[in-house]
Each structure stands twice: as C-alpha cells, then as structure tokens.
1. Looking at this structure, is ARG275 within 30 Å of GLU101 (Cβ to Cβ) and either touching a residue at least 12 places away in the same chain (Cβ under 8 Å) or assigned to a helix (DSSP H, G or I) (or both)?
2. Say we look at region 1-43 and pick out the residues that are within 11 Å of the ligand (Cβ to nearest atom) and among the polar types (S, T, N, Q); which of these is surrounded by the fewest Cβ atoms within 10 Å (Cβ to Cβ)?
3. Residues being over 11 Å from the mean Cα position of the chain (by Cα), surrounded by fewer than 19 Cβ atoms within 10 Å (Cβ to Cβ) and within 11 Å of the ligand (Cβ to nearest atom): count how many of those fall in region 208-237.
4. Which of (1) under 19 Å from LEU99 (Cβ atoms); (2) out of contact with any helix residue (DSSP H, G or I) (no Cβ under 7 Å at 6 or more places or on another chain) is the odd one out, the single condition VAL155 does not satisfy?
5. Right, ASP257: assigned to a loop (DSSP other than H, G, I, E, B), open to solvent by 20 Å² or more (accessible area, probe 1.4 Å), farther than 26 Å from LYS302 by Cβ and away from the ligand (no atom under 16 Å from the Cβ) or not?
6. Could you tell me which numbered condition MET205 fails, if it satisfies all but one of (1) within 13 Å of the ligand (Cβ to nearest atom); (2) open to solvent by 40 Å² or more (accessible area, probe 1.4 Å)?
7. Can you work out which of the residues in region 45-89 that are free of Cβ contacts under 8 Å to residues at least 24 places away in the same chain and in a loop (DSSP other than H, G, I, E, B) is nearest to TYR192 (Cα to Cα)?
8. Take the conditions hydrophobic (A, V, I, L, M, F, W, C), within 17 Å of GLU306 (Cα to Cα), part of a strand (DSSP E or B) and in contact with a Leu (Cβ under 7 Å, 6 or more places away or on another chain) and apply them to VAL211. Does it pass?
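The values are calculated or read from the model by the stated rules, or taken from the named source; none is laboratory data. None of these values were measured; they are calculated from a predicted model. Here Cβ is always computed from backbone atoms with ideal geometry, including for glycine, and neighbour counts include all displayed protein chains. Heads up: the accessible areas ignore ligands, DNA and RNA and are worked out on the full protein's heavy atoms, side chains in. Shrake-Rupley method; radii C 1.70, N 1.55, O 1.52, S 1.80 Å.
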Amino acid sequence: MGRELRGRFAPSPSGRMHAGNLFTALLAWLSVRSRGGTMVLRMEDLDPDRCREEYARVLAGDLEWLGLDWDEGYGTGGARGPYLQSERTDCYAACFRSLEERGLVYPCFCTRAERLAASAPHRADGQAVYGGRCRNLTGGERARLAQTRRPAWRVRVPEEDVSFSDGHLGVYRENLARDCGDFIVRRSDGVYAYQLAVTADDGAMAITQVVRGSDLLSSTPRQLYLYRLLGLDAPEFYHVPLLCAADGRRLSKRDGDLDLGALRARFSPEALTGRLAWLAGLLERPEPVEPRELIPSFSWEKIPREDILVPKGLFEK
Ligand code: GLU
C-alpha cells in the first residue's frame with residue numbers, strides 16, 4: 001500500500017508573494033486536493049536577515065484570500081510541527097550531527113572570492129561548482145584557519161549520477177561531483193542551509209509529494225542524496241513552469257505591480273484564480289473561477305512543461 005498523500009507549500013516569508021508564487025501554490029494545492037491528500041503549510045523563514053514573521057502572517061492571509069486552505073501547518077498546528085523553520089533548529093542540528101558523526105561533512109574556510117576563483121565551470125543555473133579546496137585539509141590546517149575564520153560546512157558528494165523521474169518533467173539526472181561538488185549544509189554564520197533544512201523538514205513532516213517551481217529542479221539531486229544519507233523516505237517531485245514577463249525574465253519580487261498587495265487591489269479572488277488557471281492550461285478562457293471548482297478537472301497532463309509567457313495586460317485591470 002502506498003503512503004498517504006501529503007503535499008506542502010513551503011514559501012519563504014521574505015516579502016509579499018507575487019503572481020508566480022501564487023501560481024505554484026495553486027498547482028500544489030490542486031494536486032493534493034484532487035487526490036484527497038493532506039495539505040501542509042510550512043514557512044521557510046530560515047534566513048533571519050531576510051524573513052519576518054509579519055510577512056508569514058500576510059502570506060497566510062493571501063493564500064486564504066484566494067481560497068487555498070491547508071489542513072496542517074502555520075497558524076493551524078498539527079502533530080509534525082513546528083511549521084516555522086526558525087523554530088526547527090533542533091531538527092536540523094540532529095541531522096547535521098548525524099552526518100558529522102559519520103565523517104560526511106567537513107569545514108570549509110573559503111571566502112566567496114576564493115570559492116569563485118577556484119571553482120570549476122559554472123552550472124547551467126549559474127551556481128559555481130565547488131572545486132574541493134578544503135576537502136582534505138589536515139587537522140593542523142583546520143585549526144590554524146579556524147583562528148581567523150568561521151567555517152561553513154559541506155557534505156562530501158560521491159562521483160555518482162543521481163537521477164529521478166519528475167512527475168511532470170520526466171527524468172532528470174546530475175552527477176553530484178561533476179555538476180555540483182560538495183555543497184554547503186551549514187553556513188558560516190551557523191544558519192543551516194536550505195538543502196539540509198528542506199530535506200529534514202519534508203522527511204520529518206512525512207511529505208510524499210513536493211510541487212514547486214522549476215527553478216528548484218536542479219536542487220533535487222542534492223536533496224535526494226541527503227534523503228539517502230539521513231535514511232529518510234523521499235517524496236515524489238513535480239516541478240512547475242515559471243511565469244515569465246514579455247522579455248523572458250521570470251517574474252520576481254521586483255515586479256512590484258504583480259505582488260499580492262497590488263493584485264488584491266485590482267482583482268477579486270475568482271478573477272485572479274481564473275487568470276492563473278488559464279495560464280496553467282486548466283481553463284480555456286481567463287474567466288472567474290474559485291480554486292475548488294478546478295479540483296474535479298485538474299490533471300498534470302494539461303499543465304505546460306515550458307516556462308509560461310504572461311501576455312501583456314493579463315494582470316492589469
Ligand atoms: N522556500 C522555497 C521558496 O520559497 C521553496 C522551497 C521548496 O519548495 O522546496 O523558494
């Protein structure tokens with residue numbers, strides 16, 4: 001028997017959501033609701049410099065306004081909380097310790113400039129491949145460097161392909177050593193890295209289905225590797241296309257006129273849902289609809305696989 005379907009939406013409360021975030025949230029919600037699963041809302045406020053609890057409250061309010069609900073999570077509670085990453089440090093520390101005890105992580109003293117200078121070719125997503133400079137430092141070298149610098153911590157990756165079948169995009173493969181290199185699981189300021197936290201959380205919250213933007217597709221092999229090291233069951237992954245402006249650039253927080261504050265001033269929840277559902281291929285015309293009316297006919301087959309160009313004027317009244 002399969003595991004009970006548990007999906008999640010895991011936004012970072014670092015500002016107001018924009019149309020692209022809401023598009024992903026709608027698809028994650030429909031995917032879970034159309035199969036009778038449980039929806040979890042987790043706030044990824046890992047980065048204390050960028051995230052605020054106030055944003056989390058506004059974000060939850062924006063989801064509710066649209067008509068997206070959740071069974072467990074931020075503001076609702078549940079057996080697998082807390083649902084704010086800033087309150088889950090013990091969970092990350094336990095995972096980190098388990099890696100450390102097995103010699104799977106090591107301190108990296110490289111500065112950003114050193115990392116970039118020593119890095120092998122850059123990945124398609126623009127991130128540098130770590131060249132392994134601090135991988136084999138001796139105990140003495142580490143002690144000397146530790147006198148002046150606080151290290152980040154990296155996990156050792158093997159020369160090995162990790163491949164998985166994305167529920168929407170099909171097979172994706174990456175060689176961890178060649179395409180990524182040893183990656184950071186704890187930053188030099190002590191904050192646990194996204195890759196470790198998201199894996200620890202989805203594991204601890206028994207998530208079986210992750211729906212998120214395709215900008216995170218290339219993070220998935222790293223996360224699958226961590227699932228394996230931590231002995232956690234991995235979920236299925238569905239990566240959804242990003243919404244792009246006419247010049248091909250993906251929508252982001254910089255498009256202030258497309259944040260939820262501006263969109264709520266211009267549209268009713270139904271009018272906005274209709275536009276998002278039309279972009280997703282779920283409606284023939286961008287006409288008003290409630291999210292729950294889309295549940296019966298939801299199908300991954302209808303969702304485009306390429307990034308979606310938002311026609312000019314669609315989000316203007
Ligand atoms: N918190 C991440 C973001 O808002 C999403 C993480 C995930 O879905 O794995 O971009």
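1. no
2. Step by step, filter region 1-43, then rank; the result is SER14.
3. Counting residues in region 208-237 that are over 11 Å from the mean Cα position of the chain (by Cα), surrounded by fewer than 19 Cβ atoms within 10 Å (Cβ to Cβ) and within 11 Å of the ligand (Cβ to nearest atom) gives 0.
4. Tallying (1) under 19 Å from LEU99 (Cβ atoms); (2) out of contact with any helix residue (DSSP H, G or I) (no Cβ under 7 Å at 6 or more places or on another chain), VAL155 fails exactly one: (2).
5. no
6. (2)
7. That would be ASP49.
8. So VAL211 passes the test.
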